[in-house]
Amino acid sequence: MPFNDKVVIVTGGSRGIGKAIVEAFVQSKAKVYFTYNKNDEAAKALKDSTGAIPVKCSQTDNEGIEKTVDAICQDNKKIDILVNNAGITSDQFLMMMPFEQWEKVINVNLNGAYRWAKAVSRTMMTAQQGAIINVSSIAGLVGTPGQTNYAASKGGLLAFTRSLAAELGAKGIRVNAVVPGFIDTDMTAVMPRQIKRQNLERILLKRFGTPQEVAQIVLFLSSGKASYIVGQAIVVDGGLSSTAI
């Protein structure tokens with residue numbers, strides 16, 4: 001799936017799934033920009049290894065996001081693909097969760113996707129083409145105790161995907177979502193061993209997925225091979241959701 005001359009933005013691209021997506025697009029000859037929030041060292045390492053262009057920009061910075069998109073448009077005259085990948089967790093049972101903890105996750109994961117999609121949609125509508133891929137989570141489909149904020153943000157992202165697809169499809173812009181399950185990243189590495197074992201028992205393939213497996217679905221949905229796919233959510237979870245009650 002060559003992406004020669006395509007301009008791509010990947011949010012939250014310095015680590016985990018985002019890093020794998022950046023690497024996959026670079027290997028497919030795209031010009032890739034990726035955002036990060038704090039980890040300068042990881043961003044520099046990815047830039048050095050791939051040639052992708054890092055942009056330090058918070059998901060909650062309205063003005064910073066608009067300026068970033070404007071600068072990329074000025075340099076390239078277009079933006080072809082946006083991957084809304086950036087996200088955080090802040091787990092706590094609802095009865096003990098302060099509003100600030102709820103609000104932070106919603107603001108980064110869901111409101112951040114809104115900010116980026118709104119900023120890039122203008123140039124995509126002018127070009128009458130583009131692809132927006134939102135990275136949701138199995139938590140948005142299946143209940144996960146202690147993650148009401150995260151699940152709400154990721155479930156909201158699925159509804160956001162369908163509605164935005166309905167708005168932009170006639171303009172030649174395809175909006176879809178990828179729904180990863182348990183993926184072998186820094187986020188799952190800190191999970192208690194007992195929780196890992198319990199979830200592995202529920203996964204039909206009996207293993208966690210890799211960031212690269214998610215990245216390949218993102219590339220597919222961004223490519224011409226998915227030219228008639230819009231408003232869909234592709235689940236990449238090793239069969240976990242098929243066993244949920």
**Report entry** Contacts under 8 angstrom Cβ, first residue in the range 76-96 being touching a residue at least 40 places away in the same chain (Cβ under 8 Å) and within 12 Å of VAL10 (Cβ to Cβ), partner aromatic (Phe, Trp, Tyr) and in a helix (DSSP H, G or I), 6 or more apart
**Finding:** ILE81/PHE25; LEU82/TRP116; ASN84/TRP116
Query raised in the report: For the range 188-241, which residues satisfy the criterion of being aliphatic (A, V, I, L, M) and touching a strand residue (DSSP E or B) at 6+ places or on another chain (Cβ under 8 Å)?
Result: VAL214, ILE217, VAL218, LEU221, ALA226, ILE229, VAL230, ALA233, ILE234, VAL235, VAL236
**Report entry** Residue within the range 139-162 that is at pLDDT 95 or above, surrounded by fewer than 22 Cβ atoms within 10 Å (Cβ to Cβ), closer than 17 Å to ILE229 by Cα and of a type in the set (A, V, I, L, M) present
**Finding:** yes
Query raised in the report: Is there a residue in the range 72-82 that is among the acidic types (Asp, Glu) and over 20 Å from the mean Cα position of the chain (by Cα)?
Result: yes
Report summary line: Residue count, the range 206-245, condition over 20 Å from THR89 (Cβ atoms), among the aliphatic types (A, V, I, L, M) and at pLDDT below 95, comes to 1
Query raised in the report: Is it the case that some residue within the range 190-201 is without any contact (Cβ under 8 Å) to a residue 24 or more places away in the chain, under 16 Å from GLY16 (Cα atoms) and of a type outside the set (Phe, Trp, Tyr)?
Result: yes
Query raised in the report: Can you tell me how many residues in the range 118-130 are surrounded by fewer than 21 Cβ atoms within 10 Å (Cβ to Cβ) and either part of a helix (DSSP H, G or I) or touching a His at 6+ places or on another chain (Cβ under 8 Å) (or both)?
Result: 6
Query - Elements of type helices (runs of 4 or more DSSP H) contained in the range 2-100, each with 1 or more residues being at positive phi, among the hydrophobic types (A, V, I, L, M, F, W, C) and surrounded by 15 or more Cβ atoms within 10 Å (Cβ to Cβ) - result: none
Query - Identity of the residue in the range 156-170, under 15 Å from the mean Cα position of the chain (by Cα) and free of Cβ contacts under 8 Å to residues at least 60 places away in the same chain, that ends up farthest from GLY13 (Cα to Cα) - result: ALA159
**Report entry** Scan of the range 14-53 for residues that are within 17 Å of ALA131 (Cβ to Cβ) and either touching a Lys or Arg at 6+ places or on another chain (Cβ under 6 Å) or among the aromatic types (Phe, Trp, Tyr) (or both), ordered by number
**Finding:** PHE25, ALA30, TYR33, PHE34
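The values are calculated or read from the model by the stated rules, or taken from the named source; none is laboratory data. Quantities reported herein were computed from a predicted structural model and do not represent experimental measurements. Quick reminder, even Gly has a Cβ in these numbers, built from the backbone with ideal geometry, and neighbours come from all protein chains shown.
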